[in-house]
Amino acid sequence: MQKKVLSEIGLYNGFVDMPKGFEIDLNKLNEDTLQLQINNKEFPFSKEWDKLNTYLREHVHVKYNFQLINKTSWGNVYKSKETSSPFINVDPVDLRNSPDYTLLYGVNVKDCIVRIYYDDNRRKGRHWDMPLKNNQFIMFPATQMYCIANYQEDSVNSILTITYESK
Amino acid sequence: MAHFAKISDTSQVLSVHVVNNNDILNAEGVEDESIGQAYLEKHSNWPADKWIQTSYNTYGGVHKLGGTPLRGNYAGIGDTWDAVNNIFYNSKPYASWVLNTTTATWHSPIGDAPTLTAEQISQNAAITNFWQYSWNEEGQSWDLVDKLA
């Protein structure tokens, strides 16, 4: 008896473990995220963003043997006790130009949960909750719907999103 | 052009960068690995000691242009950096194979595959057969297989 997996929903997560002295400056990314809320522009390129992006692309390539190609990048701020509306980062009428993966990175987060919705055969509308911490990432197929909940009362949560095409 | 491998915390090669020869010259105008490492640290946000120079023309402990081999093999993404033996080597092909740290190559426990006979070589050339030895991990032997059969 044999089994063939035709498709899978892989959730990749972990901390960005940069070498000592080369850690990502989360304050800089937080500033850029806040600025973005005012300017409403694409996430600016910076040394810190590049450190993160390079780390993720290289480590995913070595560990899981596929390459990530950047599509877009943006930041979001969530108020205390806010639960976002569901997001999905593929355009159903333009799948050719849609990303393959969504990556969320905790820039300044506390008590934050990412809820990823998925179907398990006939069991539709299931969800998987994953906590997101500072300097932690979660990556999943861009076809998955997700929402972000900020459960704390003290401050806002800043999250960086990067979308990728895979090769 | 000089090539440097970017090494992860787990000693895996993350990428290989090309550096202009002029950027690895010391004050005396001599190529110096540490100058290249410092250059890469400055421009690529990764510590100098995790950039290791590698030779594009070195494979299996031999420099294919007759020069001096450097660190066993040209580093490839996913290869392992062995700081103790000062070599790069690729992933282990079979569980039973052992690494020769002099040539930085993997070998079966019973040695390399036997050479093909003259008849088998001529059949391969005529494309009537395609004889090849392939490793049988279960039986710990080299099996002669005709890939066209």
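Selection within region B:51-63: residues that are open to solvent by less than 40 Å² (accessible area, probe 1.4 Å) and over 18 Å from B:Val19 (Cβ atoms). The member of this set that is farthest from the other protein chains (Cβ to nearest Cβ) is B:His63.
Please determine whether any residue of region A:67-76 is in a loop (DSSP other than H, G, I, E, B), touching a His at 6+ places or on another chain (Cβ under 6 Å) and within 14 Å of chain B (Cβ to nearest Cβ). Working first, answer last.
First pass over region A:67-76, keeping only residues in a loop (DSSP other than H, G, I, E, B): A:67.
Now restrict to residues that are touching a His at 6+ places or on another chain (Cβ under 6 Å): A:67.
Filter once more, keeping what is within 14 Å of chain B (Cβ to nearest Cβ): A:67.
Taking every residue of region A:67-76 in turn, at least one turns out to be in a loop (DSSP other than H, G, I, E, B), touching a His at 6+ places or on another chain (Cβ under 6 Å) and within 14 Å of chain B (Cβ to nearest Cβ).
For region A:28-66, the candidate set comprises residues that are open to solvent by less than 40 Å² (accessible area, probe 1.4 Å) and of a type in the set (D, E, K, R); within that set, the residue that is farthest from the other protein chains (Cβ to nearest Cβ) is A:Asp32.
The listed residues are B:Asn26, B:Asn22, B:Asn45, and the only one of them that is more than 14 Å from chain A (Cβ to nearest Cβ) and in contact with a helix residue (DSSP H, G or I) (Cβ under 8 Å, 6 or more places away or on another chain) turns out to be B:Asn26.
To keep it simple, each residue is scored yes or no on (1) open to solvent by less than 70 Å² (accessible area, probe 1.4 Å); (2) within 14 Å of another protein chain (Cβ to nearest Cβ); (3) under 9 Å from B:Ala5 (Cβ atoms); (4) β-branched (Val, Ile, Thr).
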position	(1), (2), (3), (4)
B:Leu65	no, no, no, no
B:Leu70	yes, no, no, no
B:Ala75	yes, yes, yes, no
B:Val84	no, no, no, yes
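Which of the numbered conditions does B:Gly111 fail, given that it passes all the others? Conditions: (1) open to solvent by 50 Å² or more (accessible area, probe 1.4 Å); (2) farther than 28 Å from B:Asn20 by Cβ. Here B:Gly111 clears every test but (1). None of A:Cys147, A:Cys112 is crowded, with 18+ Cβ neighbours inside 10 Å and either β-branched (Val, Ile, Thr) or over 27 Å from B:Ser44 (Cα atoms) (or both) except A:Cys112.
The values are calculated or read from the model by the stated rules, or taken from the named source; none is laboratory data. Remember, predicted model here, so these are calculated numbers, not experimental data. Cβ: placed from backbone, ideal geometry, glycine included. Neighbour counts: every protein chain shown. Areas reflect the complete protein model, heavy atoms only, side chains present, ligands, DNA and RNA absent. Shrake-Rupley method; radii C 1.70, N 1.55, O 1.52, S 1.80 Å.
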